[in-house]
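Visitor: Here you go, one structure.
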Amino acid sequence: MSRRSLRTGLWAAQLVAVFSLLGAAQPARAQFHLPKGLQKYAQKAEDIHKSMTITVDQEKDIGREVAAKLIGYYHLYNNPALAQYVNLVGETVAAQSPRQDIQYHFAILDSDDINAVSAPGGFIFITRGALALCDDESELAGVLAHEVAHVTDKHVVKVIERDKGMAAGFQEASTHMQSDKYKQMLQNMSKNVLVNLLDHGLAPADEYDADEKGVMFAHAAGYPADGLERFLIKMGEATKGNEVPYWSKTHPPVADRNTRIQQEITSQGWQDQNRPRLAERFEMVVAALKPKS
Ligand SMILES: [Zn+2]
């Protein structure tokens with residue numbers, strides 16, 4: 001077993017362990033709407049006038065809980081070779097992020113929906129449906145780089161810090177990070193964070209920011225800069241019907257995003273058509289996900 005797959009395996013084992021400690025989440029299969037058990041957290045807010053800064057250790061703790069819950073609700077797609085490949089591509093773009101005080105982990109959720117999501121601390125997920133929509137590695141790199149950028153700029157962490165009720169309770173509980181109170185607070189907070197991520201999404205400004213930085217990371221890693229743009233065009237077409245998959249629901253309109261991405265690529269002079277999109281090696285690993293024709 002290579003070091004990388006060993007590490008990926010350890011991470012998965014750790015998350016499973018964390019999740020089993022949390023106890024009985026009901027498996028809500030395959031659908032990407034908000035699971036029932038989380039709905040009551042959507043309205044929860046207290047108005048305590050304190051603010052706080054989440055430390056990196058606390059961010060990782062929150063991220064681990066959010067990741068464990070996501071996996072508990074949606075389940076990992078069981079394909080070690082594909083998971084290893086997604087980690088390889090993800091780590092390649094994450095290496096271009098200025099934020100290297102955390103380790104980035106990538107995993108595949110077993111859902112048909114077209115979706116990608118990042119938890120604080122560097123836990124990044126893409127659905128099987130989003131992977132199947134990619135036609136080459138540069139598109140996958142573009143999607144993962146967008147999620148890396150959310151982590152780099154701590155978009156979710158800042159949402160928590162701005163939520164005075166949540167932040168105040170967490171600050172109080174954090175004085176003893178091994179205490180039951182802290183662990184309970186982590187669980188409650190991770191549910192709130194999940195609701196924000198899956199139901200409301202982040203502010204449009206954060207999404208445009210993640211697009212801009214994601215394109216930058218992907219290009220700096222050697223990929224064509226337009227991978228995300230090509231993916232978004234297909235996502236826009238795939239989501240034209242009645243169903244509105246998650247990435248469309250919680251992100252600004254595709255046309256607006258792509259206009260900005262095109263402006264960025266033009267102004268930076270990144271229209272390099274000669275860079276390989278790496279379709280062949282992508283197809284070799286991802287072929288099993290594609291619909292049979
Ligand atoms: Zn986003």
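The values are calculated or read from the model by the stated rules, or taken from the named source; none is laboratory data. Note that the coordinates shown come from a computational prediction; the quantities given were computed from them, not determined experimentally. Positions of Cβ are generated from backbone atoms using ideal geometry, with glycine treated the same way; all protein chains shown enter the neighbour counts. Areas reflect the complete protein model, heavy atoms only, side chains present, ligands, DNA and RNA absent. Shrake-Rupley method; radii C 1.70, N 1.55, O 1.52, S 1.80 Å.
Visitor: Mind listing just one residue for me: the one in the range 148-158 that is modelled with pLDDT of 95 or more and of a type in the set (A, V, I, L, M) and, of those, nearest to the ligand (Cβ to nearest atom)?
Guide: Here the answer is Ala149.
Visitor: Of the residues Tyr73, Tyr77, Tyr104, which single one is closer than 21 Å to Asp57 by Cβ and either open to solvent by 10 Å² or more (accessible area, probe 1.4 Å) or within 16 Å of the ligand (Cβ to nearest atom) (or both)?
Guide: After applying the criteria, what remains is Tyr104.
Visitor: Please enumerate the residues belonging to the range 192-216 that are under 23 Å from Gln262 (Cβ atoms) and in contact with a His (Cβ under 9 Å, 6 or more places away or on another chain).
Guide: Residues satisfying the conditions are Gly201, Leu202, Ala203, Pro204, Asp206, Glu207, Asp209, Ala210, Asp211, Lys213, Gly214, Val215.
Visitor: Oh, and also: Going through the range 113-147 one residue at a time, which ones are within 14 Å of the ligand (Cβ to nearest atom) and over 22 Å from Pro80 (Cβ atoms)?
Guide: The answer is Ile114, Pro120, Gly142, Ala145, His146.
Visitor: Related question: Scan the helices (runs of 4 or more DSSP H) fully inside the range 172-260 and keep the ones with 2 or more residues being within 14 Å of the ligand (Cβ to nearest atom).
Guide: 204-220, 227-238, 246-249
Visitor: Considering (1) open to solvent by 10 Å² or more (accessible area, probe 1.4 Å); (2) within 15 Å of the ligand (Cβ to nearest atom), say which one Asp57 fails and leave the rest.
Guide: (2)
Residue-by-condition table, conditions (1) at pLDDT below 95; (2) open to solvent by 20 Å² or more (accessible area, probe 1.4 Å); (3) on the phi > 0 side of the Ramachandran plot:
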{"position": "Leu198", "(1), (2), (3)": "yes, no, no"}
{"position": "Tyr223", "(1), (2), (3)": "no, no, no"}
{"position": "Asp226", "(1), (2), (3)": "no, yes, no"}
{"position": "Glu229", "(1), (2), (3)": "no, yes, no"}
{"position": "Met235", "(1), (2), (3)": "yes, no, no"}
{"position": "Glu243", "(1), (2), (3)": "yes, yes, no"}
{"position": "Ile261", "(1), (2), (3)": "no, no, no"}
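Visitor: Sticking with this structure for a sec: Among the residues of the range 110-145, count how many are in contact with a strand residue (DSSP E or B) (Cβ under 7 Å, 6 or more places away or on another chain) and assigned to a helix (DSSP H, G or I). Can you show your working first?
Guide: First, the residues of the range 110-145 that are in contact with a strand residue (DSSP E or B) (Cβ under 7 Å, 6 or more places away or on another chain): 110-111, 113-118, 122-128, 130-131, 143-144.
Applying the additional criterion that residues be assigned to a helix (DSSP H, G or I) yields 122, 128, 130-131, 143-144.
Here the count works out to 6.
Visitor: Out of the residues in the range 127-149 meeting the condition of being more than 10 Å from Val89 (Cβ to Cβ) and aliphatic (A, V, I, L, M), tell me which one is surrounded by the fewest Cβ atoms within 10 Å (Cβ to Cβ).
Guide: That would be Ala132.
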